[in-house]
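Chemist: Here's a structure for you.
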Amino acid sequence: MIDVKKLWRKRRNAHLTQTLKYFSLMANSGLIVSLILLIVVGSIYYAKLLKALPESFPAVLILTLLFSFWLTKSPIRTLLKEGDLVFLLPVESGMKQYFSQSLSSAIASGSFMTLFLFTLTWPIVQVFIIDGWKMYVVFAFFLITAKIFNLYVSWEERRLPYKSHQLNYRIMRFIVNFVYVYLLFNEAYIFLIAMFAIMYVLKNFVFGVFRKVHGYQWEMLLAEEQNLKMKGYRLVNYFTDVPALKQTVHKRPWLNSLGSFSFKKKNVMTALFMKTFIRSGDYLGLYIRLILIGFLFLYLIPAGWWQIAVVILFFQMLTLQLFTLYTQYRWNVSFIIYPIESDGKQAAFVKWLRGLLLLQGLLYGVFYGLLSGDWVIALLMPVAAFGYSLFRLPSMTKKHITLSS
Amino acid sequence: MRPILEVKDLTGGYMPNQPVIHNLNFSVKESEIVGLIGLNGAGKSTTIKHVLGLMEPMSGNSKIMGQTFRDEPEIYRSQFTYIPEMPVLYDELTLWEHLELTAMAYGLEEQTFLTRVRPLLEEFRMDNKIKWFPNQFSKGMKQKVMILCALLVEPRLYIVDEPFVGLDPLGIQSFLEYMVAFKNSGAGVLMSTHILSTAEKYCDRFLIMHEGRLILSGTLGELRERSGLKDATLDEIYLYVARGKVS
């Protein structure tokens, strides 16, 4: 028979090795420095923000919502592979040990992350709820207990064969978590004990029953695993190229008009890039986030001509991030064999990116103009975008694309 | 002959109250190859997933040797092997290790494994590739790995989803010969395919699915009779049915 425990250990070790490898790659890339910078700046503003918050700030409600979401969303890495759906099917009941290992490891990392998240919010708790290291320990204990409960029952929840039924139970867990955390932050310990009784009943008599009625939902477990894996890859992809990253596709039909072009050969590449941009993975989200973070910087940094340098920095960041979109097609055979010159493809890429940069510059300009009233510098922002896309972008594209192919 | 697989009033799908397959009734008996045919999207793969126990029926059931998956998961799953439409292999295992893993999963004795595996490897001309990894294989070779793993176990029932795509003619021939040999020694085969000329030659009975329903089933003679097409080939009957002329 197959030793599933050994199989789990092997996969977990491989997973850890890979994570460490990616982590060192991330640490080596320059972006980690900016991350540290961000943390330092962030913590300064965090302290400032705490002081600036009014007395009436609804800290309990906000923290309760935050932790209810956090507790309800309980991902479990099963490290399943596609082949398992064929090769491990005959050992279904033996998989119990395998999955209990993956659940234990999710409990370990989930508890740690809960503690981490709570530590992050501890300053808010200190100011608005209660202070003292004893309370830190008590709150952390109750939150981690709830996390373990959620992971445990959500594993049973994963046995339900339909997504919509799983969602119903997730909503139920959310309500339980909300009440639990709310009672905790109000220090209603007697009621909390009553909550424990409710959770015990749920665990044994509601979620515990699924095990007797349903088998494992292999396909959903595999889909969740792949989804979590891709999330990890996407994070790493901000720092270094991850070849295994498969972009998920979203339909986003309301953006279809942006991706339609007149039926001419010269439009083929621009159309492809635009359609990819609006539908594939995280590109659109990244664009919007960068613009918003740009707004934040324009707001925080005192007004002046140096703001032009700030926006150029953001043009550069966008460009670097969006090169992945070109390299996504590197090994696509139809992309390679289309009767279009390689220079033509690059030129189309530049042209497409220029449009995005111009829009970005324009938005920064409007934002800055409204903020400071200095419309000269505001006007210079889209001009800078145009200049950047004319002088800097083509050479960068050429360099990046020849390097990566 | 005794039935190995019995599907009774099976209804199922991916969302509650939205069944994709409706009230399926069919069986696969000992020493029988049954062809499951239908257009893309007819519900063949969903049917197979229910038989595999990967999906739970909304109503009805699928029994192998008289037991459902819920009764005895382990026994149910040990009665068959499955060849998927797309080969799925572990990137980090060699051909040999895939075979070993399969043997272990089905609880084969090591000696049995060793005596069975050699002739199989030779028959499919993979005996010099046992140390290869999946990334060195072509699509057809990957398919052969899946086939080798399934044949190795010699189960009572084979569930085969479109086995011929990407396979070379010799590979197809070897596979069919094995199927016939196992059938003659009592095994049953449920095979989904679009290659109707091959199906016509090798299958004893046919299940024709259309829009999630079984609309015609039986031996070739029975299909001819029911469709009213005398002397028609399976191809002709299938086209006739697929264009909606049988209700």
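Chemist: Among A:246/A:275; A:231/A:345; A:147/A:203; A:21/A:229; A:345/A:399; B:8/B:49, which pairs are too far apart, with a Cα-Cα distance over 20 Å?
Modeler: As for pairs spanning more than 20 Å Cα to Cα, those are A:231/A:345.
Chemist: Let me ask another. Output the 0 to 90 degree angle, nearest 10, between the alpha-carbon long axis of helix A:31-52 and the longest principal axis computed from the alpha carbons of chain A.
Modeler: Tilt of helix A:31-52: around 70 degrees.
Chemist: Also, I was wondering about something else. Probe radius 1.4 Å, ligands and nucleic acids left out: can you give me the accessible area buried at the B-A interface, summed over both chains, in Å² to the nearest hundred?
Modeler: 2500
Chemist: Something else about it: HN-Hα J couplings of the stretch A:184-198 from phi, Karplus 6.51/-1.76/1.60, θ = phi - 60°, integer Hz, Gly and Pro as x?
Modeler: 4, 6, 9, 6, 9, 5, 5, 5, 4, 4, 4, 4, 4, 4, 4
Chemist: Shifting gears a bit: Rolling a 1.4 angstrom probe over the protein heavy atoms, how many square angstrom per residue are accessible across the protein assembly as shown?
Modeler: That works out to 50 Å² for each residue.
Chemist: Note every residue of the stretch A:149-196 with a reduction of at least 50 square angstrom in accessible area, all protein chains present versus the isolated chain, computed with a 1.4 Å probe, or write none.
Modeler: A:162
Chemist: If packing is taken as the average number of other Cβ atoms within 10 Å across a peptide's residues, how do B:93-101, A:248-256 rank, most packed first?
Modeler: Highest mean packing first, the order is B:93-101, A:248-256.
Chemist: Below 19 Å, Cα to Cα, which lysines can residue B:139 reach? Residues fewer than 8 away in the same chain don't count.
Modeler: Correct list for residue B:139: A:81, B:129, B:131.
Chemist: How would you order A:5-16, A:353-364 from highest to lowest mean count of nearby Cβ atoms within 10 Å?
Modeler: Those peptides, ordered most packed to least, come out A:353-364, A:5-16.
Chemist: With a cut-off of 8 Å between alpha carbons and a minimum separation of six or more residues, what is the relative contact order of chain B in percent?
Modeler: 27
Chemist: Taking each residue of B:48-55 in turn, how many C-beta atoms of other protein chains fall within 10 Å of its C-beta, and what is the average?
Modeler: 3
Chemist: List the aspartates and glutamates whose Cα lies under 15 Å from the Cα of residue A:134, skipping any in the same chain that are fewer than 8 positions away.
Modeler: Candidates past the 8-residue exclusion: A:187.
Chemist: Can you give the angle from 0 to 90° between the axis of helix A:307-327 and the longest principal axis of chain A, with both taken from C-alpha atoms, to the nearest 10?
Modeler: 70
Chemist: Determine the shielding of peptide A:79-88 by partner chains: average, over its residues, the number of Cβ atoms on other chains within 10 angstrom of each Cβ.
Modeler: Across A:79-88, the average partner-chain Cβ count within 10 Å equals 6.
Chemist: About its Cα centre, what dipole magnitude does the protein assembly as shown give when the only charges are +1 on Lys and Arg Cβ and -1 on Asp and Glu Cβ, stated in debye to the nearest 20?
Modeler: Here the size comes out at about 1540 debye.
Chemist: A further question follows. Which residue, A:132, A:63, A:100, has the largest displacement toward the positive end of the dipole of the stretch A:4-233 when charges sit on each Cβ (Lys, Arg +1; Asp, Glu -1)?
Modeler: Result: A:100.
Chemist: Have a look at the DSSP beta bridges in the protein assembly as shown and tell me what percent are antiparallel, nearest 5.
Modeler: 50
Chemist: Then there is this: For the protein assembly as shown, give the percent of accessible area contributed by carbon and sulfur heavy atoms, probe 1.4 Å, rounded to a whole number.
Modeler: 64
Chemist: Quick one: which bits of the stretch A:200-224 get at least 50 Å² less accessible when the partner protein chains are in, versus the chain alone, with a 1.4 Å probe?
Modeler: At a threshold of 50 Å² (probe 1.4 Å), the residues of the stretch A:200-224 that become less exposed are A:219.
Chemist: Determine the sum of side-chain charges near residue B:173: Lys and Arg each +1, Asp and Glu each -1, restricted to other residues whose C-beta is under 12 angstrom from that of residue B:173.
Modeler: Neighbourhood net charge equals -1.
Chemist: Picking from B:140, B:242, B:169, whose Cα lies most toward the positive end of the charge dipole for the stretch B:112-247 (charges on Cβ: Lys, Arg +1; Asp, Glu -1)?
Modeler: The residue sitting most towards the positive pole is B:140.
Chemist: I would also like to ask the following. Could you size up the charge dipole of the stretch B:87-154 around its Cα centre, putting +1 on the beta carbon of Lys and Arg and -1 on that of Asp and Glu, and report it in debye to the nearest 20?
Modeler: Computed charge dipole of the stretch B:87-154: roughly 360 debye.
Chemist: Determine, for each peptide in B:61-70, A:365-374, the mean count of other beta carbons within 10 angstrom over its residues, then list the peptides with the highest first.
Modeler: By packing density, highest mean first, the sequence is B:61-70, A:365-374.
Chemist: Which residues belonging to the stretch B:56-79 lose at least 10 Å² of 1.4 Å-probe accessible area when the assembly is complete, relative to their chain isolated?
Modeler: B:56, B:58, B:69, B:70, B:73, B:74, B:77
The values are calculated or read from the model by the stated rules, or taken from the named source; none is laboratory data. The structure presented is a predicted model; accordingly, all values stated were derived computationally and were not measured. Using ideal geometry, Cβ is built from the backbone for each residue, glycine included, and neighbour counts are taken over all protein chains shown. Protein only, heavy atoms only, side chains kept; ligands, DNA and RNA dropped before computing areas. Shrake-Rupley method; radii C 1.70, N 1.55, O 1.52, S 1.80 Å.
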